[in-house]
Amino acid sequence: MGGPNAPASGYFVELDNGRTFVLDMGPGVFVELQKTADPAACELLLSHVHPDHTADIPGLLVWRRFHPTAPSKNKNLLVGPADIHQRIGTMCAAMGDESDSDLSDTFINVRAVPGEALMIGGEPSDGGAVVTPFEMVHPVPTVGYRVEADGFSFAYSGDSAWTEKLVELARGVDVFICEATWCAKEDGVPPNMHMSGYEAGRAAALAGVKKLVLTHIPPYANGEEALEAARTTFDGDIELAYLGMEFGS
């Protein structure tokens, strides 16, 4: 969930060729996106359907459809796992009318199939990104994304409990953005939902990443506890995610 100092969850990517995309569109992300880029020009990649990762999509649709001077000129990709496109359509219809369930006027639906790489923002030779989904462990269909572009690589876990696929997802990346919802807590947590800082650090160590960024820490939790937990299992560079954080080549 979002907190007083940050929306949740969303990550903006700008490629060297000027193309842009956003990983997740949780509450508050659309406001921040307006400060950085044209919301009508971004591709949108979703890890899963939970509202802390998708709640700003209806607002984005209004901008793309009805902005008086700069509505969307082209359809952009809407990428996500399993039946997420139907679920997002149902959410939009619940806030409007049945016609709002059809997003085909502004988006091209693309299913994120684990292991099948997607070309986002053009071919790699033209400055585009290779984005590969990996199946994660969560109560709804969920993927993490590995992004490789312009000589730089990063991985985003989305929401996930521990799985060996985290190691595949993040193998050798420059930056691993990994959830650590449970912080330093390991006992008495619901199964198959989230990770602790210990597990995030373990995944980073096994994957041999250069930098670990801990994210998805609730506003009522202690991020420093997550940081200290991760340091017991990963001896590389670690930071807590924060609003406006930037990295790249």
Notebook entry, point to check: Are any of the residues in segment 168-178 open to solvent by 10 Å² or more (accessible area, probe 1.4 Å), touching a Gly at 6+ places or on another chain (Cβ under 8 Å) and either over 29 Å from LYS35 (Cβ atoms) or at pLDDT below 95 (or both)?
Noted result: yes
CYS183 vs (1) at positive phi; (2) surrounded by 16 or more Cβ atoms within 10 Å (Cβ to Cβ); (3) touching a His at 6+ places or on another chain (Cβ under 9 Å): all pass except (3)
- Query: Looking at segment 198-213, is at least one residue part of a helix (DSSP H, G or I), over 19 Å from GLY10 (Cα atoms), open to solvent by 20 Å² or more (accessible area, probe 1.4 Å) and of a type in the set (A, V, I, L, M)?
  - Reply: yes
Considering segment 61-97, residues that are within 19 Å of the chain's Cα centre (by Cα) and of a type in the set (Val, Ile, Thr), and then whichever is farthest from VAL137 (Cα to Cα), we arrive at ILE88
Considering segment 87-99, residues that are open to solvent by 40 Å² or more (accessible area, probe 1.4 Å) and without any contact (Cβ under 8 Å) to a residue 12 or more places away in the chain, and then whichever is nearest to GLY144 (Cα to Cα), we arrive at THR90
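Criterion first (touching a residue at least 24 places away in the same chain (Cβ under 8 Å), hydroxyl-bearing (Ser, Thr, Tyr) and touching a Phe, Trp or Tyr at 6+ places or on another chain (Cβ under 9 Å)) does THR181 satisfy it?
Working: touching a residue at least 24 places away in the same chain (Cβ under 8 Å): yes; hydroxyl-bearing (Ser, Thr, Tyr): yes; touching a Phe, Trp or Tyr at 6+ places or on another chain (Cβ under 9 Å): no.
Here the answer is no, as THR181 does not meet what is asked.
Of all strands (runs of 3 or more DSSP E) completely enclosed by segment 106-150, which ones contain at least 1 residues that are open to solvent by 60 Å² or more (accessible area, probe 1.4 Å) and of a type in the set (A, V, I, L, M)? Spell out the reasoning first.
Details: elements: 107-111, 118-120, 129-135, 143-149.
Of the strands (runs of 3 or more DSSP E) lying wholly inside segment 106-150, those with at least 1 residues that are open to solvent by 60 Å² or more (accessible area, probe 1.4 Å) and of a type in the set (A, V, I, L, M) span 107-111, 118-120.
Looking for whichever is polar (S, T, N, Q) and touching a strand residue (DSSP E or B) at 6+ places or on another chain (Cβ under 9 Å) here; the options are SER196, SER249. Which one fits? I'd like the intermediate steps shown before the answer.
On the way: SER196 fails: touching a strand residue (DSSP E or B) at 6+ places or on another chain (Cβ under 9 Å).
Among SER196, SER249, only SER249 is polar (S, T, N, Q) and touching a strand residue (DSSP E or B) at 6+ places or on another chain (Cβ under 9 Å).
The values are calculated or read from the model by the stated rules, or taken from the named source; none is laboratory data. The structure displayed is predicted, hence computed values, not measured ones. Counting neighbours? That spans all protein chains shown, and the Cβs are built from the backbone with ideal geometry, glycine included. Each accessible area value is taken on the protein alone, full model and side chains, heavy atoms only, with ligands, DNA and RNA left out. Shrake-Rupley method; radii C 1.70, N 1.55, O 1.52, S 1.80 Å.
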